[in-house]
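So the structure is just underneath, and the comments pick up after that.
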Amino acid sequence: MTIQTIGVLGAGTMGAGIAITGVLGGYKVVLSDSSAEALSRAEAKLGKYLSRQVDKGRMDETSAQAAQARFNLSQDIKGLAPADLVIEAVFEDLSVKRQVFAQLEGLVSADCILVTNTSALKVGDIAEALSNRARFCGLHYFSPAEINPVIEVIRGAETSEATVATILPMLAACRKRAIPCKDQSGFALNRFFCPYTNEAVRCLEEGLGTQSQIDAVAMATLGLAIGPFAVMNIVKPSINLAAVRNLSPLGEFYAPAAEFIRVGEAQMLWEIEESPALDANQSAAIADRLRGAIFFAVLDEISEGVAAAADIDMGAQMAFTFAKGPAQMMRELGETEVTRLITLAAGSAATRVESTLQNLLLEPVEA
């Protein structure tokens, strides 16, 4: 089967970005939402994006007009019926997503591939709404979807090889870098990024630094343009908290910090005010904790077979703009130092990833 028409259900920020990505890949796209206002915003977003590409010389006017012509809107979910692939981008709620897919399964053709863009829910849990689960998988786009090149491809227990084989060329046409990953909480990248933000809050709770000081240390340590508190304010602490809570069943290390719960549940933002620079020892203490949390979570997911170290590094650099991937950083630091850092962050739980660390350090590095 060849994908020619992509359907996207949900015209919010993520759904609109996914639709734009499909259009740029050369596909006819049908974007469906019950809100005419949301659809209008999505159409305006595409127009603005295309105009910017033309102004920057990345696209000529003829190509921009052709891309705009491939973009179709529908207030009725039945408009998705002709699609060869439908990507769901609705509210992150299990019951809502199950209801949507039960409806879609009776609407589209028997060959149509069904995809969820969930960032936190397990693909297998959503798939329970379907009778044919072989044609179902997860594609986790990162924000902004029309720009961020990384996408996680999550195979459910019953996802067929044919489904994945059909999707991968589509992603390549849309210039996406695919990370195959196991259907586990957090998938490949949020599995370590959420603990990183959670550890930043723990450092704040313990008085190691203010929000701005911790952000500054994170930027200097990881080569980032913005720190964890600034990122959380963009995403919204309440949304970030939900993602962190999704990891809680994995163990005590993953449990959200009390201050995280307070701010997230109150729908607040972090107060980031300029503070004096920390001295070297204070900065080092925070840097150790942040790296330790990232390293432990990465080793934990590698031990579970969630994703390959090389893919995790690629995602960290391309999706989150880390200067170096976590595996690369661990190889440069060596076993003794990494063991010290993961013990700082995870305590006695660090022992469960010791053999994974040793194996990682022995693996040949891809050129």
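The values are calculated or read from the model by the stated rules, or taken from the named source; none is laboratory data. Because the structure is predicted, anything quoted here is derived from the model rather than measured. Backbone-built Cβ (ideal geometry, glycine too); neighbour counts: all protein chains shown. Please note that ligands, DNA and RNA were not included when accessible areas were found on the heavy atoms of the full protein model with its side chains. Shrake-Rupley method; radii C 1.70, N 1.55, O 1.52, S 1.80 Å.
Kindly indicate the residue of segment 241-275 that is without any contact (Cβ under 8 Å) to a residue 24 or more places away in the chain and more than 20 Å from the chain's Cα centre (by Cα) and also farthest from residue 192 (Cα to Cα) among those meeting that condition.
The extreme case among them is 266.
So which of 34, 51, 40 ends up being open to solvent by 10 Å² or more (accessible area, probe 1.4 Å), more than 28 Å from residue 165 (Cα to Cα), among the small types (Gly, Ala, Ser) and part of a loop (DSSP other than H, G, I, E, B)?
Details: 51 fails: part of a loop (DSSP other than H, G, I, E, B); 40 fails: part of a loop (DSSP other than H, G, I, E, B).
When all the criteria are applied, what remains is 34.
Would you check if residue 145 is open to solvent by 30 Å² or more (accessible area, probe 1.4 Å) and of a type in the set (A, V, I, L, M)? So that I can check it myself, show each step before the final result.
Numbers: open to solvent by 30 Å² or more (accessible area, probe 1.4 Å): no; of a type in the set (A, V, I, L, M): yes.
When the stated conditions are applied, residue 145 does not pass them.
Restricting to segment 154-188, and then to whatever is assigned to a loop (DSSP other than H, G, I, E, B) and free of Cβ contacts under 8 Å to residues at least 40 places away in the same chain, can you tell me which residue is nearest to the chain's Cα centre (by Cα)? First the steps, then the outcome.
Here is the first cut: in segment 154-188, the ones assigned to a loop (DSSP other than H, G, I, E, B) are 156-160, 174-176, 183-188.
With the extra rule that they be free of Cβ contacts under 8 Å to residues at least 40 places away in the same chain, the set shrinks to 156-160.
Numbers: 156: 17, 157: 20, 158: 22, 159: 20, 160: 23 Å.
Once the filter is applied, the top-ranked residue is 156.
I'd like to check which strands (runs of 3 or more DSSP E) are fully inside segment 60-123 and have at least 1 residues that are modelled with pLDDT of 95 or more and open to solvent by 20 Å² or more (accessible area, probe 1.4 Å).
Working: elements: 71-74, 85-88, 113-116.
In segment 60-123, 71-74 are the strands (runs of 3 or more DSSP E) which contain 1 or more residues that are modelled with pLDDT of 95 or more and open to solvent by 20 Å² or more (accessible area, probe 1.4 Å).
Yes or no: residue 196 hydroxyl-bearing (Ser, Thr, Tyr), farther than 30 Å from residue 112 by Cα and open to solvent by less than 10 Å² (accessible area, probe 1.4 Å)?
Yes: the conditions hold for residue 196.
Here are the criteria: (1) assigned to a loop (DSSP other than H, G, I, E, B); (2) surrounded by 21 or more Cβ atoms within 10 Å (Cβ to Cβ). Tell me which single one residue 130 does not satisfy.
Going through (1) assigned to a loop (DSSP other than H, G, I, E, B); (2) surrounded by 21 or more Cβ atoms within 10 Å (Cβ to Cβ) one by one, residue 130 breaks only (2).
Any idea how many residues of segment 276-290 are under 17 Å from residue 206 (Cα atoms) and in contact (Cβ under 8 Å) with a residue 60 or more places away in the chain?
Qualifying residue count for the region: 8.
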